[in-house]
Amino acid sequence: MHAVLRVDLAVLADNLRVVRQALGTTAVSAVVKANAYGHGAPRIAPWLEARGVRHFCVATLAEALALRADGLQGDLLVLGAPVPGELVAYRQHGLEAAVATPEVATAVLHLADTQPGLRVQVLVDTGMQRYGLTPEAAIEIGHRLLAHPGVRVAGFFSHLAQADHADAPANDRQRARFAPVVEAFQHAGCGFHLDASAAALQHGHAQAYTVARIGGGLFGHYDFAGEAPLVQPASALCAPVRQVRPVAAGSAVSYGGTWRAPTDRHIAVVGAGYADGYPRRLSNNGWVGYAGHRLPVVGRVCMDALMIDLGPASEAVPLDVGAEVTLWGGPQGPTIQEVAAWADTIPYEIWCRVGARVRRCYEEDQGA
């Protein structure tokens, strides 16, 4: 047994209900890129589809093809800008291509002349300065695409540069730049989406559009200062104890000897490391949970193991080989937000670091 990511589908169902309530008539587009933020897209995406989610987003063509191979039937947008030569695969598998450049638009129109049926969404750069067309170019190209009978324009979308700060003034400027696009095509039967989880869960911003892209909010990321969380963490990373050993006072632990036992101690070796997604930056930093105890991480985190301090030898926390400790999440561990803060990053990166060899275990939701 090695590390395991425990995903509580009942919590995921509750989070989905909260998001839908916040969105009102705005539809959910579930973002399941990067293996559903590490939670296992082959299981999560069909589970969401079975609960009425009809649209999904991924980042790459390979991610989309994998989901189609697993039987996902819903609309599936590839957010990343495509290479024109890939468009045939988009059409064959019923995927939505992001038209992010004039060159891609030209390739779409050329393909549609001989192989109609390609679905596209036009990506508008409203201030992110990443992918996308200017609003003016998006309007001009949108009209050209809509005029071609072989192209199905499913929507227009953009992305907020300060997506986790729903009330940032820069977001208002981006909304203003997106508004002419919405106005130009609001009667064309297209969808419009700009907002992610933060806007869906704060002040109803996403209700201004037909769709909202929801990723981290489904899995419980809610980190807005001064506000009670509306969604709850849906996963916990756990790992077994491989060995419990005495360490004499003054002895160094792990690579580089960066931690020395201040007294005679008991140390537990846990079967998870940075190859499993536990950041090396948490060496000598943070804690893991076990039976109500907060056990400090000591020494450098290794590729396949980390060490925790059970306390002085005379009063060490009783911990047997095979016992499971919680690295984050659940009732025992630190929150994903705490772990991300210790690693000087964000929860999304921590989730996405969870390695392929970590088993995903799904607690059933009893039909929720």
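The values are calculated or read from the model by the stated rules, or taken from the named source; none is laboratory data. Quick caveat, the model's predicted, so the values are computed rather than measured. A quick note on method: Cβ atoms are made from the backbone with ideal geometry, for glycine too, and the neighbour counts reach across all protein chains shown. Calculation scope for accessible area: heavy atoms of the full protein, side chains included, ligands and nucleic acids excluded. Shrake-Rupley method; radii C 1.70, N 1.55, O 1.52, S 1.80 Å.
List, in order, the whole-Hz ³J(HN,Hα) value for each residue of the range 168-174 obtained from phi through the Karplus relation with A = 6.51, B = -1.76, C = 1.60 and θ = phi - 60°; use x for Gly and Pro.
Residue by residue, the range 168-174 yields 5, x, 4, 5, 4, 5, 5 Hz.
Can you show me the helix-derived [θ] at 222 nm for the chain, built from DSSP H runs with n ≥ 4 at -39,500 (n - 2.57) apiece and divided by the number of residues, rounded to the nearest 500.
Numbers: 12 runs with 110 residues, N = 368.
Here the helix-only value at 222 nm equals -8500 deg cm²/dmol.
Hey, any idea what % of the chain's accessible area is carbon plus sulfur with a 1.4 Å probe?
Values: 8150 of 15560 Å².
For the chain, the apolar C and S fraction of the accessible surface comes to 52 percent.
If each residue of separation counts as 0.36 nm, what is the full-extension length gain between Ala188 and Met303 once their alpha-carbon separation is subtracted?
On the way: separation 115, 0.36 × 115 = 41.40 nm, distance 5.30 nm.
Length gained, Ala188 through Met303: 36.1 nm.
Under the rule of at least 5 residues apart or a separate chain, name every residue whose amide H is placed under 5 Å from the amide H of Gly215.
Val31, Ser197
Any chance you could look up the accessible area of Ser283 with a 1.4 Å probe, heavy atoms only, rounded to 10 Å²?
For Ser283, the solvent-accessible surface is approximately 20 Å².
Rank-order 292-301, 325-334, 254-263 by packing density, defined as the average count of other C-beta atoms within 10 Å over each peptide's residues, highest first. Before the final figure, lay out the partial values.
Numbers: 292-301: 19.2, 325-334: 21.1, 254-263: 14.4.
Per-residue mean Cβ counts within 10 Å order the peptides as 325-334, 292-301, 254-263.
Quick one: 3J(HN,Hα) in Hz for the range 194-200, Karplus 6.51/-1.76/1.60 with θ = phi - 60°, rounded, Gly and Pro as x.
10, 9, 10, 4, 4, 5, 5
Leaving ligands, DNA and RNA out of it, rank Met1, Met303 by accessible area with a 1.4 Å probe, largest first.
Met1, Met303
Report the gain in length on full extension from His110 to Glu338: 0.36 nm times residue separation, minus Cα-Cα distance, nm rounded to one decimal.
Values: separation 228, 0.36 × 228 = 82.08 nm, distance 5.03 nm.
Between His110 and Glu338, full extension yields an extra 77.0 nm.
For Phe157, what accessible area in Å² do you get when you roll a 1.4 Å probe over the heavy atoms of the protein chains, rounding to the nearest 10?
We get 10 Å² for Phe157.
Once amide H atoms are built 1.01 Å from N in the peptide plane, which residues 5 or more positions from Val122, or in another chain, come under 5 Å H to H?
Sorted by chain and number, the residues that satisfy this are Val99, Gly155, Phe156, Phe157.
Figure the gain on full extension for Thr134 and Glu349 (residue separation times 0.36 nm, minus the Cα-Cα span) and round it to one decimal in nm.
Between Thr134 and Glu349, full extension yields an extra 74.5 nm.
Through the Karplus equation 6.51 cos²θ - 1.76 cosθ + 1.60, θ set to phi - 60°, convert the phi angles of the range 333-343 into ³J(HN,Hα) values in whole Hz; use x for Gly and Pro.
Using θ = phi - 60°, the values come out as x, x, 6, 4, 5, 5, 4, 4, 5, 4, 8 Hz.
If amide hydrogens are placed 1.01 Å from N in the peptide plane, which non-local residues have theirs closer than 5 Å to the one on Tyr278?
Correct list: Gly273.
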